[in-house]
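K.L.:
First, the structure itself, so that you have it in front of you.
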Amino acid sequence: MSARAKSPTGALRLPLTVSVVVLVGAMLLATAVGPVNISVGDVVGTILAHLSFLDFHTSTPPVDQAIVWQLRLPRVVLAALVGAMLAAGGTSYQGVLRNSLADPFLLGVAAGAGLGATVAIVTGHGGGIVLPASAFVGAVLAVGLTYLVATSGGGPATGYAILLAGVAIAAMLTAVQTYLQQRHTEEIRQIYNWILGSFSVASWSDVRLVLPYVVVSAVVLLAHRRVLDVLRVGGEEAGALGIHPERSRLIIVAAATLGTAAAVSVSGLIGFVGIIVPHAVRLAASASYRVVLPVSMVCGAAFLVLADLVARTIQAPTELPVGVVTAVTGAPFFLLVLRSRRTRHGVL
């Protein structure tokens, strides 16, 4: 077998290995650092001691064990799951829409989740399971409405039609959300705290809540990473290769929406992860979705874990919304990507 035939696997192995090492390091660092610094050895010992299938005993003080297992580790794990899903959603939407500047919120996920959360808060259900459930339902319904509008003319749901429908639906839902905020000004602070994103109240129950959706979404998307490579060359070409483009788009969009909706339901609206991570992977590794999708998921997890670490330590004892940190990082990156694209096309 030639080297060229082996290149997809070879192109994936190194960046995936490096990204996994970075993710593990980021998670250990984020779990160890805080108002009470805990050594990495004690962090690892605490984790091993809490795994029921291991008969491991640690000398870590009980207070430090409680800090690691009950406070920091759920937050770190949840940030990793959300980051992985946002990066996977952004990568998948970019492939389906054939637009490298698409992100997970482009089809109305953010607007739908924001409206759902706003409705829950203004009706007095801002605590418990109702808030994430409302955000999840709002996000899924928004994307469903987007797809319905995109196919309303009787034609196929092309990437261009989905994109335009998503912009229109997002604008409409955002207008309704703004109206509700103006009618209930006393809840604006709580609404904006959710919108800007935070893991400050993360718990193992949040992890258990979102994990099944993330797993299902990730499995479906990873199974379609080769299809994404075909779709990016165009629908007609994909059809000629035996792939049903409309059905494939629907499956990929549904899976990406399911995972993204679950992620934002427990974290709020955290932007730019789905843009900067896939682009960074493309620049550093490969443009093939067989590489970009899995590596982006791991890198997205590491990026959001580190962003959350910055958010909770840079102004300690107070916290910044993690969405502010990702925006400060992502906006300049977005502008650099836009400028480089325009330069390549001779605009600048």
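K.L.:
By accessible area of protein heavy atoms, probe 1.4 Å, what ranking do 125, 184, 279 get, highest first?
P.N.:
125, 184, 279
K.L.:
Another question, then. Which percent of the accessible heavy-atom area of the chain goes to carbon and sulfur, probe 1.4 angstrom?
P.N.:
67
K.L.:
Between 102, 204, 65, whose Cα lies farthest towards the positive end of the dipole of the chain when Lys and Arg beta carbons carry +1 and Asp and Glu beta carbons carry -1, centred on the Cα centre?
P.N.:
In the chain, that residue is 102.
K.L.:
Cβ neighbours within 10 Å, averaged per peptide: list 327-335, 139-147 in order, most packed at the top.
P.N.:
139-147, 327-335
K.L.:
Same structure, new question: Consider the candidate values [x] 167; [y] 135; [z] 147; state which one is volume of the Cα convex hull per residue in Å³ computed from the structure displayed.
P.N.:
Answer by label: [x].
K.L.:
I've got another one for you. Rank-order 127-137, 92-102 by packing density, defined as the average count of other C-beta atoms within 10 Å over each peptide's residues, highest first.
P.N.:
92-102, 127-137
K.L.:
In addition: How would region 60-166 be classified by its alpha-carbon gyration tensor: rounded, prolate or oblate, with rounded meaning a/c under 1.5 and the a/b versus b/c comparison settling the rest?
P.N.:
Taking the square roots of the gyration eigenvalues as a ≥ b ≥ c, region 60-166 is oblate.
K.L.:
Related question: Per residue, how much accessible surface does the chain expose to a 1.4 Å probe? Answer in Å², no decimals.
P.N.:
It amounts to 47 Å² per residue over the chain.
K.L.:
Still on this structure, please answer the following. Can you classify region 20-110 as rounded, prolate or oblate using the Cα gyration tensor, where a ≥ b ≥ c are the square roots of its eigenvalues, rounded means a/c under 1.5, and otherwise it's prolate if a/b beats b/c and oblate if not?
P.N.:
The shape class here is prolate.
K.L.:
Given the peptides 190-200, 109-119, arrange them by the average over their residues of other C-beta atoms within 10 Å, most packed first. Could you put the intermediate results ahead of the total?
P.N.:
Numbers: 190-200: 19.4, 109-119: 27.7.
My ranking of the peptides, most packed first, is 109-119, 190-200.
K.L.:
Using +1 on the beta carbon of Lys and Arg, -1 on that of Asp and Glu, and nothing else charged, what's the dipole of region 185-336 about the Cα centre, debye to 20? Please report the intermediate quantities before stating the final value.
P.N.:
Values: 10 positive and 9 negative charges, 81 e Å.
Computed charge dipole of region 185-336: roughly 400 debye.
K.L.:
Assign unit charges at the C-beta atoms only (+1 for Lys and Arg, -1 for Asp and Glu), then state the dipole size of the chain relative to its Cα centre in Debye, rounded to the nearest 20.
P.N.:
Numbers: 21 positive and 13 negative charges, 225 e Å.
Dipole size: approximately 1080 debye.
The values are calculated or read from the model by the stated rules, or taken from the named source; none is laboratory data. This one's a predicted model, so the numbers in the text were calculated from it and none came from an experiment. Neighbour counts are summed over all protein chains in view; Cβ atoms, including those assigned to glycine, are modelled from backbone coordinates with ideal geometry. Protein only, heavy atoms only, side chains kept; ligands, DNA and RNA dropped before computing areas. Shrake-Rupley method; radii C 1.70, N 1.55, O 1.52, S 1.80 Å.
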